[in-house]
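Asker: I have a structure here, written as structure tokens, and I will follow up with some questions on it.
The values are calculated or read from the model by the stated rules, or taken from the named source; none is laboratory data. Keep in mind it's a predicted model, so treat the numbers as computed, not measured. Quick reminder, even Gly has a Cβ in these numbers, built from the backbone with ideal geometry, and neighbours come from all protein chains shown. Only protein heavy atoms, including side chains, enter the accessible area calculation; ligands, DNA and RNA are left aside. Shrake-Rupley method; radii C 1.70, N 1.55, O 1.52, S 1.80 Å.
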Amino acid sequence: MYKVKPYEDNIIIKCVPSCVYKTKCYFNPNDLKFKDEVVSPLANLSLSELEDLTKQQNKQFRKLERLVNKSNELCDDLKLSDLCIQNLSTQNNELSKLENVFQKQETLFKKIESLNQKVRQTYEEMGLDKLTTDFEKMDIKKKKRIPFKVDLGLFEKIKRVSSRVLTNRNVEDLVIYVEPSTIPMELLNFIDLLSQNVKVFTKFYAHSSVFSQLNNELENRFLNIDDLFEGLRFGINDNRVDYDLGFTFIWKKMESNGAILKFSNGSFISSDAQIVNYVNELLPQVNRISEESLKKNQTTSPLLKVLKSF
């Protein structure tokens, strides 16, 4: 340890400086030629903005370096070592980083063009050029869907429940699986009448097993049914807890054509009639749908008439 004496005995502090550190400028202003077209936009930037630009530039350099390394590995795998990009910094250390970037990009573009030429040459040698031309001529575009227009005025006289009726219980959300080649008319007939006694919602989804056999006709039918029920406000337009019953239909490839109601514990109920009976038992006697009403609605319901036309 050393004992140090003060340089001056009497020191009078007139003011406290606002900055107690002196920092060196990150960029030397004399090195910037602001008349240059590339550098002139930097004249009005602050030091922090210039530092951010430098970080972004270095980040782009690293990305380009990784891209060059990947391309070199690809050329090595294809035994095209003559197309590998050498490290330009070892060739000319006096070049700036920006010039290195431009040269690497130009070399990379030339290499990609050479690879394209080799691929085209291989296609011609193997006789695949005609095959690719045939694929380009094929019309693989999907046919444009024509929405099914429904006159919603036919349903104006039907008064459906708009507020919850069964307030002493939680909403029942029933999941029903349906074969995609059929429309569950009996269940939809039941829901059509049930919506006039309690507040219900209905949603339709397609299972992944259907996509393998999905064609334009089948897809249009799914979309038309979904649009029809959304137009009649059968969808979830309010909070889920504001409904009495919910029916979620899932189009799924199954062995039987009948609908299946599945529960979370693994049990299930099959056939439309049994599902209707089960849902009726969940309701109070006043809100249940009778068999006579179901039979009558089959001939008078505008909803069923529209569904039969799909």
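Asker: Report, in listed order, any pair from LYS203/LYS253; LYS252/LYS295; LYS157/LYS199; LYS203/LYS252; LYS203/LYS296; LYS157/LYS296 with a Cα-Cα distance greater than 23 Å.
Answerer: LYS252/LYS295; LYS203/LYS296
Asker: Moving to a separate point now. Take the Cα of LYS110, step 7 Å along the line toward its Cβ, and report every residue of the stretch 55-74 whose backbone nitrogen sits under 20 Å from that point.
Answerer: Counting backbone N atoms under 20 Å from the label point, the list is 64-74.
Asker: Report the label-to-label distance for SER309 and SER256 in nanometres (one decimal), using points 7 Å from each Cα along the Cα→Cβ vector.
Answerer: Label at SER309, label at SER256, 3.3 nm between them.
Asker: How large is log10 of I(q)/I(0) for the stretch 158-249 at q = 0.14, 0.15, 0.16 Å⁻¹ when the intensity is taken from the Debye formula with one equal scatterer per alpha-carbon?
Answerer: -0.53, -0.60, -0.68
Asker: Given a Förster distance of 25 Å, report the FRET efficiency between ILE158 and VAL286 from their Cβ-Cβ distance, rounded to the nearest 0.05.
Answerer: That gives a FRET efficiency of 0.85.
Asker: Let me ask another. How big is the shadow of the Cα convex hull of the stretch 159-310, averaged over all directions, in nm²?
Answerer: 9.3 nm²
Asker: Enter the accessible area per residue of the stretch 184-259 (Å², integer; probe 1.4 Å; all protein chains in place).
Answerer: 44 Å²
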